[in-house]
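The values are calculated or read from the model by the stated rules, or taken from the named source; none is laboratory data. Remember, predicted model here, so these are calculated numbers, not experimental data. Positions of Cβ are backbone-derived with ideal geometry, glycine not excepted, and every protein chain shown enters the neighbour counts. Each accessible area value is taken on the protein alone, full model and side chains, heavy atoms only, with ligands, DNA and RNA left out. Shrake-Rupley method; radii C 1.70, N 1.55, O 1.52, S 1.80 Å.
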Amino acid sequence: MPEDSFETGVAVGERWARTDGRAKVRGELLYAADQPARPCLDVAIHRSTWPHARLVSVDTTDARAMDGVVAVVTGADLHAVLGERMLTGPAFADQPCLAYDKVRYVGEPIAAVIGYGPAAVRRAAEEIDVAYADLEPIHDVDAAIAGTAFVHDELRPSAVFGDLRHLRGKKDTNVNYEYTLRHGNSGAAAETAAHTTSGDFWCPPTHHVPIELPFTAAWPEGDRIEVLSTTQTPSYVRQTLADLLDLPLNRVRVRCAPLGGSFGAKMYDRLEPLAAALAWTQRTAVRIAVTREEAFLLTTRHGAAVTGSMASDEAGDIVAAEADVRYDTGAYADVGPRITAKSGMIANGPYRIANATVRSRCVYTNKPSAGPFRGFGVPQVTWAHESLIDELARARDEDPAAFRRRNLLREGDVAVMGTTMHSADFISCLDAVTGAVGWDAPLEPAAGRLRRGRGVAVGIKAVLTPTISNATLQLNQDGSATLLISTVDMGQGSDTIMAQIAAEVLCLGEGQVRVVTADTDVTPYDTITAGSRSTYHTGNAVRLAAEKMRDRLIGLAAGRLSVETTDIKLTSDGVVSTQTQETLTVPDLLLGHFGARGTTLTTEADFATSWAPYDKETGRSPQVTEHWFAGAAAVQLIVDTATGRVHIEHLAVAGDVGRAINPALVEQQLTGAAVMGIGHALFDELVFDEGQITNGTLLDYQLPSIKDMPDRITPIVIQSPHRSGPFGAKGVGETAIIPLAPAISNAVRDAIGIRFTRLPLTPERIITALAEQHTEGGTA
């Protein structure tokens, strides 16, 4: 639905400026490392140089003797005080903040130096001498599954994900979680299919590269611990630190600042457990500010191997699809099991499929831990299914867009994982992007060594379910409002969106609602700021709190004017009696109610979603998610056959956002995700040599520059309102990245006739494939 087809309001649907925009462009916004805090000692970390080894000894003698050093703390020191509590993690309690028995990846923290000045503590950290006893390292997911060596002695499920309890104590495995989906009999259906295609696909691990580096400061405050950190998950971190230090929640404070980007890099357990443990055990204030090189070691996107197949009958209906997905979660599980299930269940794509099978596994290896990344593991499986369906269309000699369109899920369809589709308009997304790039128009050939092609892809993702959001709203006597939520604004504009939702209900204008930055002493619980969940979940909590406030104002006005509440209406001018036409401004109403200026009226609300657990036999669920994300991308590009360079002429992306609370921010999110997707398609890749990252600096790690941007980017907002979204809205931050890489690869396939199955499509990879085109059968 276009913007002008919705009922006009005072805030929702308006292109309000970002609440932090002015401060950002003027350099006045304070990020975490800029915030005023207690004077802190600096911390430097000595890291492992081995991928897998027993710790024989850690000699800190020379480091302790250096100028400026206050203390040196080893993993064994912390373990002696904290015991097994120092093992943290959202899925498995498997990661110590400092290694104390063995190391599991190159770069794992072993000891921390505390002292005066970053330079002094870093020099001291280099003087720590560690003796290792080598263990067999595991660098490959398939080798890890084979199980000749094991990263962990046994599985240790955490208290966060209760559905993993049955795995406690499981030994002799690197597969920490497995999800299986069975719908019909895909093997039998494929045997009788008219057309079948298959392939082995690989997405490498990548890094998030947020502009702001991770930072955490921590200090004891009497019998409490206080933390200032770059985190997307303040409520989670508070609980983790309470468990770590054996403190009640009211003695743990986690304070945030606006984030300078994250994309999943600043979630769950990062620097906070180490900073808190050092501050608490040493009874001093510390700060950990990592370098860019160290940031590459904190977390990565999951590398993923997918073996997939897809088959259609003579009529062009998809009769079978199979996917064997292996996510490389590195040395520690982080949230890998959730990614494995939530992304694995849609590994065959957003299509009507008669028979489907998925096997999705989360696998330990001796690499840095992989965690959440924009898309939550879905881009990796989309890379496979959108390449397969493209080849299936070509095998049928059918237009790839038309073939997708015929098989895409519609409103009310039950998808292969058992959940009904609602507010997921794949058809409109597909039609919008293909129309934007002129899909049906003849493709003008490029001159000389250049080859031109078009490609398209469609993506689906489930929102994280179940989760909880809370909101507290204070309406000030002067008519302004203060909103307290623990959603963290990291550039996505959530503060602006939440202000608009509250303003819409209360008939307030731009700038009249202020959002308080997350602080667990002040702002209420929120599960997480991630997975594009905030607009829907926190937005609903805000809407409910605002509606309660509106009802309270109406009740106060009805009493003041001696009329029924049904006679009162809240407008931009105040509360109005439809019977007498008498109007009271909000400031006058509250002044009369409290008898004082500067007072506040407070309401609060919570919003929680639920799900139905997977069937143990089929992996299906009638309510696997609260809502779906639907998106599509279409590309027209040129491949230089002499250099292997890809130049994108036009990129169109579309996302179904339910209802655009702020169309400008939606377009920015679609564009930003698309640009990140270009990086994953053509540039981003962490390169490992025997477990060590060899390109872990911005000198070596390739990212798209301004010169690599398309000549034209067209973001398209599709609005299919969700029946329970706030004003019909849902999130959009990940929608455009999901189909980007396969859309580009499909366009390259169209241009030069080669199907690539490994990312990224670097010039070297393309040149090599062109040279081998005849002998390799057009696959690379």
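In this structure, the amide hydrogen of Thr467, modeled 1.01 Å from its nitrogen in the peptide plane, lies closer than 5 angstrom to those of Thr609, counting only residues at least 5 positions away or on a different chain.
Consider a paramagnetic label point 7 Å from the Cα of Asp440 along Cα→Cβ; state which residues of segment 392-406 have an amide N under 16 Å from it. Hits in segment 392-406 for Asp440 at 16 Å: 399-406. Taking every DSSP beta bridge that has both ends in segment 410-565, the antiparallel portion is near 60%.
Of Lys461/Lys707; Lys461/Lys616; Lys170/Lys730, which pairs sit farther than 28 Å apart, going by alpha carbon to alpha carbon? Don't skip to the answer; put the middle values down first.
Details: Lys461/Lys707 31 Å; Lys461/Lys616 22 Å; Lys170/Lys730 39 Å.
Correct reply: Lys461/Lys707; Lys170/Lys730.
About its Cα centre, the dipole of segment 366-483 is roughly 500 debye, where the only charges are +1 on Lys and Arg Cβ and -1 on Asp and Glu Cβ. With every protein chain in place and a 1.4 angstrom probe, the accessible-area ranking of Ser198, Ser235, largest first, reads Ser198, Ser235. Within the shell of other residues whose beta carbon sits under 15 angstrom from the beta carbon of Ile128, the net charge comes to -3, with Lys and Arg scored +1 and Asp and Glu -1.
Rounded to the nearest 500, the 222 nm mean residue ellipticity of the chain from helices alone is -8000 deg cm²/dmol, with -39,500 (n - 2.57) taken per DSSP H run of at least 4 residues. Computed extension length for Asp313-Ala771: 161.4 nm, one decimal, from 0.36 nm per residue of separation with the Cα-Cα distance subtracted.
So, R0 is 25 Å and r is the distance between the beta-carbons of His166 and Arg85; what FRET efficiency does that work out to, to 0.05?
Numbers: r = 23 Å, r/R0 = 0.91.
It comes out at approximately 0.65.
Ordering Ala190, Thr523, His385 by Cα displacement along the dipole of the chain toward the positive end leaves Thr523 in first place; charges were set at the Cβ atoms of Lys, Arg (+1) and Asp, Glu (-1).
Dipole size of the chain about its Cα centre, with +1 on Lys/Arg Cβ and -1 on Asp/Glu Cβ: approximately 640 debye, rounded to the nearest 20.
For segment 270-402, the equivalent ellipsoid derived from the alpha-carbon gyration tensor has semi-axes of 42, 13, 11 Å in decreasing order.
Between Arg410 and His647, the modelled labels are 4.3 nm apart [label points 7 Å from Cα along Cα→Cβ].
If you look at the Cα atoms of the chain, you get an Rg and a Dmax of 27.1, 88 Å. Each Lys and Arg adds +1 at its Cβ and each Asp and Glu adds -1 at its Cβ; summed about the Cα centre, segment 340-430 shows a dipole of about 380 debye.
Comparing segment 547-594 with the 2.2 N^0.38 Å rule of thumb, its C-alpha radius of gyration ratio is 0.97 (two decimals).
Each of Val43, Leu506, Pro273 was placed along the dipole of the chain (beta-carbon charges, centred on the mean Cα), and the one lying farthest toward the positive end is Leu506. For Phe201, the solvent-accessible surface with a 1.4 Å probe is about 10 Å², rounded to the nearest 10.
Give me the 1.4 Å probe accessible area per residue for the chain, excluding ligands and nucleic acids, in Å².
Per-residue accessible area for the chain comes out at 36 Å².
Each of Ala71, Thr60, Leu29 was scored by the projection of its Cα onto the charge dipole of segment 5-108, and the greatest displacement toward the positive side belongs to Leu29; charges sit on the C-beta of Lys, Arg, Asp and Glu.
Residue ranking by accessible heavy-atom surface, 1.4 Å probe, largest first, among Val10, Val70, Val586 comes out as Val70, Val10, Val586.
Only protein atoms count toward the accessible area here, which uses a 1.4 Å probe; on the chain, the carbon and sulfur part of that area reaches 48 percent.
Report the full-extension gain for the segment Thr566 to Glu154: residue separation times 0.36 nm, less the Cα-Cα distance, to one decimal in nm.
Working it through step by step, the gained length comes to 142.0 nm.
Residue ranges 424-436, 321-333 sort as 321-333, 424-436 when ordered by packing (mean number of other C-beta atoms within 10 Å per residue, highest first).
Counted residue by residue at 0.36 nm each, then reduced by the alpha carbon distance between them, the extension gain from Asp521 to Ile145 reaches 130.9 nm. Which value, in Å² and to the nearest 10, is the accessible area of Leu770 when all protein chains are kept and the probe is 1.4 Å? Per-residue accessible area (Leu770): approximately 40 Å².
Which net charge results when you count Lys and Arg as +1 and Asp and Glu as -1 among the other residues whose beta-carbon is under 12 Å from that of Asp142?
Numbers: positive: Arg326, Arg361; negative: Asp140, Asp200, Asp324, Asp328.
Cβ neighbours under 12 Å give a net charge of -2.
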